[in-house]
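These notes are about the structure you will find just below.
The values are calculated or read from the model by the stated rules, or taken from the named source; none is laboratory data. What you see is a predicted model, and the numbers here were worked out from it, not measured in a lab. So basically every Cβ, Gly included, is an ideal-geometry build from the backbone, and we count neighbours across all protein chains shown.
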């Protein structure tokens, strides 16, 4: 009985450490995510529309339909698409992924704090469908003024 206990005791810290590390998305998941952007006008997919995706981590360009790899964040992803007289402006809020409960249970919330800083614990929808509108100029769009570009571009 004592020898079995000696073999089990060293395994407990290893199992516990693995559970703690698995709970933190920053250590187990990427801080980047690929998203597909589709643009739709009058219930039909439109191609060749230029879209700028941005959040507090950077700014990325994609022609629709297309894919871009963006840096994850807890801040919304702004989608600004334009071509000629059509435009779209939208914000997509990231959702917390499955790492949340592991962070709460195994790291007592410390992993949650780290994941919020890196964005690793948050995911965007894999496909962003943007509804285009017709109109002229930024005033017609009602889009907010351009944000200054972040210092780091990814």
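Within the stretch 55-64, is there a residue that is at pLDDT 90 or above and farther than 15 Å from residue 35 by Cβ? Yes, the stretch 55-64 contains at least one residue that is at pLDDT 90 or above and farther than 15 Å from residue 35 by Cβ.
For the structure I just gave you, tell me whether residue 52 is in a loop (DSSP other than H, G, I, E, B), in contact with a strand residue (DSSP E or B) (Cβ under 9 Å, 6 or more places away or on another chain) and without any contact (Cβ under 8 Å) to a residue 60 or more places away in the chain. Taking the combined requirement at face value, the residue does not satisfy it.
Within the set 23, 68, 11, the sole residue that is surrounded by 15 or more Cβ atoms within 10 Å (Cβ to Cβ) and modelled with pLDDT under 55 turns out to be 23.
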